[in-house]
Amino acid sequence: RWGNALTPSVGVALEPSGTLRLRMGAARGFRGPSFKELGWRFLNAAAGYTVEGNDALVPESSWQLFTGATWAPSRALRVDADLYRNNLREMIDLVLVGSTEAGLLRYTPQNRARARTQGLELAVSYHVAPLHLSASYERLQATDRTTGLPLSQRAPHTVRLHPDRQFHALRLDLTGRWAAAAPVIDAAGTRLADQGALMTWDAAAQLAHRHRLTLEAGVDNLLD
């Protein structure tokens, strides 16, 4: 339906020492609209919104540039840092387009003629059995290049924390995620409000039995 597309990529990596690895590259991207984006008919009355598909969508394409480094001064410690930029054409984006007669917010996917997402990703991992700790930070700048406005509901800062520990056959892990407040912008470019900052914690446990049986239990959004 969408014809053909070439998506080449090229990358290079350099290891100036046994503890440091540098990388950079470029890639071409292409994505046709999904079945849901074309034909969504989804109603969530309890949350006050509905999502409608858009059969006029066209494919999106992009170019990505990235560079990064990994530093591992020991077996236990690893630090990753990455910078990236994506320039997109006809980006498919879920947009607030108004309200229904019943007062529900209406969302529908639309094409953004030109958009850009760029940012920084930092991650630290520390692993000394039986304990494993990891933490990451993401800085995102997402812009509609036609209007100069930020893309709606993209958190500019995100922090994740993940500790897990092994107790013989039992493994426990905890995942925390904090996302900063993000602007809510409708299809006309009007800034309606801010989507509030969000903090969530997920917990999970895994018990491995000697007879190759594994029991798992978990709770999403532990603190509601």
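Here is a list: A142, A203. Which entry is within 17 Å of the chain's Cα centre (by Cα) and either of a type outside the set (F, W, Y) or open to solvent by 60 Å² or more (accessible area, probe 1.4 Å) (or both)? So that I can check it myself, show each step before the final result.
Details: A203 fails: within 17 Å of the chain's Cα centre (by Cα).
Just one listed residue meets the conditions, A142.
Residue selection: A102 satisfies the criterion of being of a type outside the set (D, E, K, R) and open to solvent by 30 Å² or more (accessible area, probe 1.4 Å).
Would a scan of the range 146-157 turn up a residue that is in a strand (DSSP E or B), in contact (Cβ under 8 Å) with a residue 24 or more places away in the chain, of a type in the set (A, V, I, L, M, F, W, C) and surrounded by fewer than 16 Cβ atoms within 10 Å (Cβ to Cβ)? No, the range 146-157 contains no residue that is in a strand (DSSP E or B), in contact (Cβ under 8 Å) with a residue 24 or more places away in the chain, of a type in the set (A, V, I, L, M, F, W, C) and surrounded by fewer than 16 Cβ atoms within 10 Å (Cβ to Cβ). Hey, any hits in the range 200-216 for a residue that's in contact with an Asp or Glu (Cβ under 9 Å, 6 or more places away or on another chain) and assigned to a loop (DSSP other than H, G, I, E, B)? Checked the range 200-216: no residue is in contact with an Asp or Glu (Cβ under 9 Å, 6 or more places away or on another chain) and assigned to a loop (DSSP other than H, G, I, E, B). Filtered by the rule that a residue be free of Cβ contacts under 8 Å to residues at least 60 places away in the same chain, over 30 Å from R85 (Cβ atoms) and open to solvent by 30 Å² or more (accessible area, probe 1.4 Å), the range 23-51 gives G39, R41, F42, N44, A45, A46, A47, Y49. Scanning the range 165-189 for residues that are under 30 Å from L213 (Cα atoms) and within 22 Å of the chain's Cα centre (by Cα) yields D173, L174, T175, G176. Among all residues of the range 113-132, there is at least one that is touching a residue at least 40 places away in the same chain (Cβ under 8 Å) and of a type in the set (F, W, Y). Would it be correct to say that A5 is among the hydrophobic types (A, V, I, L, M, F, W, C), outside any loop (DSSP other than H, G, I, E, B) and surrounded by 10 or more Cβ atoms within 10 Å (Cβ to Cβ)? Judged against the criteria, A5 is not a match. Does A47 meet the test of being modelled with pLDDT of 95 or more and either of a type in the set (A, V, I, L, M, F, W, C) or not in a strand (DSSP E or B) (or both)? Criteria not met by A47. Would you confirm whether any residue within the range 73-86 is farther than 29 Å from S136 by Cβ, in contact with a Ser or Thr (Cβ under 7 Å, 6 or more places away or on another chain), open to solvent by less than 70 Å² (accessible area, probe 1.4 Å) and part of a loop (DSSP other than H, G, I, E, B)? Among the residues of the range 73-86, not one is farther than 29 Å from S136 by Cβ, in contact with a Ser or Thr (Cβ under 7 Å, 6 or more places away or on another chain), open to solvent by less than 70 Å² (accessible area, probe 1.4 Å) and part of a loop (DSSP other than H, G, I, E, B), which makes the answer no.
Inspection of the range 95-111 identifies at least one residue that is under 29 Å from S152 (Cβ atoms), among the aromatic types (F, W, Y) and in contact (Cβ under 8 Å) with a residue 12 or more places away in the chain.
Applying the condition of being in contact (Cβ under 8 Å) with a residue 24 or more places away in the chain and of a type in the set (A, V, I, L, M) to the range 135-145 and asking which residue is farthest from D82 (Cα to Cα) yields A142. If I filter the range 125-139 down to residues being open to solvent by 70 Å² or more (accessible area, probe 1.4 Å) and farther than 19 Å from M199 by Cα, which single residue comes out as farthest from the chain's Cα centre (by Cα)? Taking the candidates together, the pick is A129.
Which condition breaks for H209 when tested against (1) surrounded by 12 or more Cβ atoms within 10 Å (Cβ to Cβ); (2) more than 26 Å from L96 (Cα to Cα)? The number of the failed condition is (1).
The values are calculated or read from the model by the stated rules, or taken from the named source; none is laboratory data. Fair warning: this is a prediction, and the values are worked out from it, not measured in the lab. For neighbour counting, all protein chains shown are included, and Cβ atoms are generated from backbone atoms with ideal geometry for every residue, glycine included. Only protein heavy atoms, including side chains, enter the accessible area calculation; ligands, DNA and RNA are left aside. Shrake-Rupley method; radii C 1.70, N 1.55, O 1.52, S 1.80 Å.
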